[in-house]
Amino acid sequence: MANILITGGSGLVGSMLTNKLLKKGYQVSWLSRSKKQKRSDITVYEWDIAQNYIEKGALESADVLIHLAGAGVADERWTTERKRQIRDSRILSTKLLYDTLVQLKYYPSLSLPKIVIGASAIGIYGLNTGNKLLVEQSPSASDFLATVVKDWEEQLDKFADLQVRAVRIRVGVVLSDKGGALPKLMLPVKLCVGAALGNGSQYLSWIHIDDLCEIFIQAIENQSMQGVFNGVAPNPVTNREMTQKIAKVLHRPLFLPNIPEGILNLAMGEMVGIVTGGNRVSSEKIQQAGFQFRFNFLEEALKDLIK
Ligand SMILES: NC(=O)c1ccc[n+]([C@@H]2O[C@H](COP(=O)([O-])OP(=O)(O)OC[C@H]3O[C@@H](n4cnc5c(N)ncnc54)[C@H](OP(=O)(O)O)[C@@H]3O)[C@@H](O)[C@H]2O)c1
């Protein structure tokens, strides 16, 4: 069975993907900023992106590289320093992986990854695209996030030059009970102060974490998958619908008016666009590649996650 190296394996998606891969009999190792507080059932290699350092053995023993690492986009206010971290942790990390593989290619006796799968994000399309259905060929936007994702993808694209099968998954808003957006969306509703954000009509292209991990596994196993795919469920909803469905599944009332953008702006600063904006992204290409979603509709996903 193939040996899979995951960067950012300790994160929300990486942890579940690791469990699923181990269950299927794959060997999994992580490339992480620290070996501390990590799991005892997998090998953890260290890297230091600023120092251009990857621990020896990490890439040399991997058949598949899955690159998920990146500083959380919605974890902290976007100061200049935080924006640098969001950018560098994606673009410089991808460059480091690529440059290291280029160097290792000089040693033909080494067995290097033949498949590179990178996380990307639907933020590439921008957050003010209304109800236009966005496909992989849709143009990229020019705001901060879109520019980061575009540059990140340009680095990921380079792996194709190394005769590896390169796949990029443009990840939507991941719904999980372990972290990410859902607990943040649920909290005010649980406290009976839930309300749609901004005008509420902005689209939210969500995906159940289980389906997302299965997409990554399909990208490993389906030899014909190559290039870019949106990683979103087939039926995106508006922010208002999301709030209403969460309230329904939680059996909570929803009576407050929408929270105006101005107030959100005060609380969130520049990153307000993440919640007052959104986009409606198509899952058709990944479905054409043979992927079958377990969670097609939001309500069934929420019922599975909110127990
Ligand atoms: N979750 C979503 O809704 C969503 C939506 C769109 C795109 N994505 C993308 O999908 C990928 C995985 O998402 P996730 O939710 O699993 O992310 P996550 O939980 O935030 O985990 C990402 C991992 O990246 C590493 N990391 C964090 N800060 C870093 C930094 N400054 N430099 C280098 N590495 C750093 C950490 O691993 P170590 O501590 O082991 O180094 C962390 O566990 C990310 O690239 C994210 O941008 C996620």
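What follows is calculated from the coordinates using simple rules that are stated; it is not laboratory data. Note that the coordinates shown come from a computational prediction; the quantities given were computed from them, not determined experimentally. All Cβ positions, even for glycine, are placed from backbone atoms using ideal geometry, and neighbour counts span all protein chains on display.
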Discussion item. Out of all Cα-Cα pairs in the chain, roughly what percent, to the nearest whole number, are more than 25 Å apart?
Written reply: 49
Fill in: Pair Lys184, Glu81: separation of 7 Å Cα→Cβ label points (nm)
2.0
Worksheet item: Extension gain Ser142-Asp157, at 0.36 nm per residue separation less the Cα-Cα distance, in nm?
Response: 3.5 nm
Worksheet item: Computed FRET efficiency, Cβ-Cβ of Asn128 and Asp41, R0 45 Å: what is it to the nearest 0.05?
Response: 0.55
Item to complete: Note the full-extension length gain between Asn258 and Gln51 as 0.36 nm times their separation in residues minus their Cα-Cα distance, in nm to one decimal.
Response: 69.9 nm
Response to the item:
So the FRET efficiency between Gln27 and Glu299, C-beta based with R0 = 45 Å and rounded to 0.05, is 0.75
Response to the item:
Expected unfolding gain across Lys307-Glu60 under the 0.36 nm per residue rule, minus the alpha-carbon gap, is 84.7 nm
Item to complete: For Gln103 paired with Leu250, estimate the spin-label separation in nm (one decimal), with each label point 7 Å from Cα along the Cα-to-Cβ line.
Response: 4.9
Worksheet item: Among all the aspartates and glutamates, which ones have a C-alpha under 17 Å from Lys114's C-alpha, if same-chain residues fewer than 8 places away are not counted?
Response: Glu60, Asp63, Asp99, Asp157, Asp161, Glu221
